[in-house]
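Written out below as structure tokens is the structure these notes cover.
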Amino acid sequence: MLTNKLWFQAGVGIILALVIIRLFIEVQGIFDPLFIIAGTVFVPLLLGGVLFYLTRPILYFLEKRGLPKWASIISIILAILLAFWLFYAMIGPAVTKQVNTLVDNFPEIVEEVEGYAQYVLDQRSRLPDSIQEQISDMTGSIGNLASNIGSVLLSFTMSLVSGVISLVLVPFFLIYLLIDHKKFVPFVSGFFSGERKSWIIKTLQDVDKTLRAYIQGQLFVSFLVGIMLLIGYWIIGLEYALLLALIGMVTNVIPFLGPYIAVIPAMLIALVTDPIQAVWVAVIMLVAQQIESNLITPNVMGNALDVHPLTVITLILAAGNIAGLWGIILAIPVYAVVKSVVKNIYARRQDIGKTATKDV
């Protein structure tokens, strides 16, 4: 029958999903309180989940050594606090010094950058009309940003305060995830029975494996990229090397776009110091990214995600337009999870088809 065809069922499912999304958009005002609550707990829950996947192997290790769960969790929390304290003690003073120096030299850096920008503007009459229009729009945007610097700083301060408040919730989410994470799969699979229950368990395990591979692998890769950038910046004598390497390490968690975001401040600092140094910064970033993409990432993550580069670019562009920065950050893991679920659905249907064939 037509209704038993996979393409027909998939089409009906897509149509129903689009209808539901449309109806949801029409009545989204009703769900505004839920959006506010979700937005409040989103960042703490996300950070708690990241820390959970980083610390869960430690929890299992301690429990195998006979330590009670409560003692293992307390040990993990103390270890996290100790790690942050050591991190701050080791690089905090150096980073603080570089930040203060950068703030003191910021007017000079801005003046130098404006000089380069003015040179480009003086030469724009030689450029094609389309490029001249883009330069004019960019100049207007920079002017608007400068005129609204007060509101920008106020917005940044409010976001910083909100972020600090959110961070307070992170340990609570982490503790409850460490305590109750083994109850999730039995709870969800408890609504099913037989082969369907086994399929649900396997699917959830595959999703867990995918998230673990991505989070642990991406953070480890970002750490190594930060180390490579730091060594490269030190070799060429770039100012604020430690601060710029930290920026590169943090932005590397953003797939594809992270390296390009990280190279911008480094290039600006290098241009002010020595234009030739900017070329070396570009070379260092290129070498670091080639080592990361061709050597580190394949060996750290393996084929756990198996996402084609063109798919990565498409997902990031689409997610960025839909959900901004968070969409860019979460696009790849969400896609990997959906892909894992779809693979299990496809394997399930094949098993059902083989069983039906044997029965016939």
Checklist line | Set K197, K202, K209, K182: member being more than 27 Å from the chain's Cα centre (by Cα), modelled with pLDDT of 85 or more and either loosely packed, with under 15 Cβ neighbours inside 10 Å or under 27 Å from A336 (Cα atoms) (or both) | finding: K197
Notebook entry, point to check: Is there any pair with a first residue in the range 180-208 that is within 20 Å of A347 (Cα to Cα) and a second that is surrounded by 13 or more Cβ atoms within 10 Å (Cβ to Cβ) and of a type in the set (G, A, S) whose Cβ atoms are under 8 Å apart and which are 6 or more apart or on different chains, and what are they?
Noted result: K197/S189; I200/S189; I201/S189; T203/S340; L204/S189; D206/S340; V207/S340
Margin query: Among the residues of the range 232-266, what is the count of those that are of a type in the set (V, I, T) and in a loop (DSSP other than H, G, I, E, B)?
Written below: 2
Margin query: Given the criterion under 30 Å from A323 (Cα atoms) and at pLDDT 80 or above, identify the matching residue among L257, L246, L310.
Written below: L246
Next item on the list: May I ask you to list pairs of residues, at least six apart or on different chains, whose Cβ atoms are under 7 Å apart, with the first in the range 260-272 being farther than 18 Å from G226 by Cα and the second being crowded, with 18+ Cβ neighbours inside 10 Å?
Entry: L271/A278
Notebook entry, point to check: Among I291, I269, I284, which is the only one that is crowded, with 17+ Cβ neighbours inside 10 Å, part of a helix (DSSP H, G or I) and at pLDDT below 85?
Noted result: I269
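The values are calculated or read from the model by the stated rules, or taken from the named source; none is laboratory data. Keep in mind the model is a prediction, meaning the values are calculated, not measured. For neighbour counting, all protein chains shown are included, and Cβ atoms are generated from backbone atoms with ideal geometry for every residue, glycine included.
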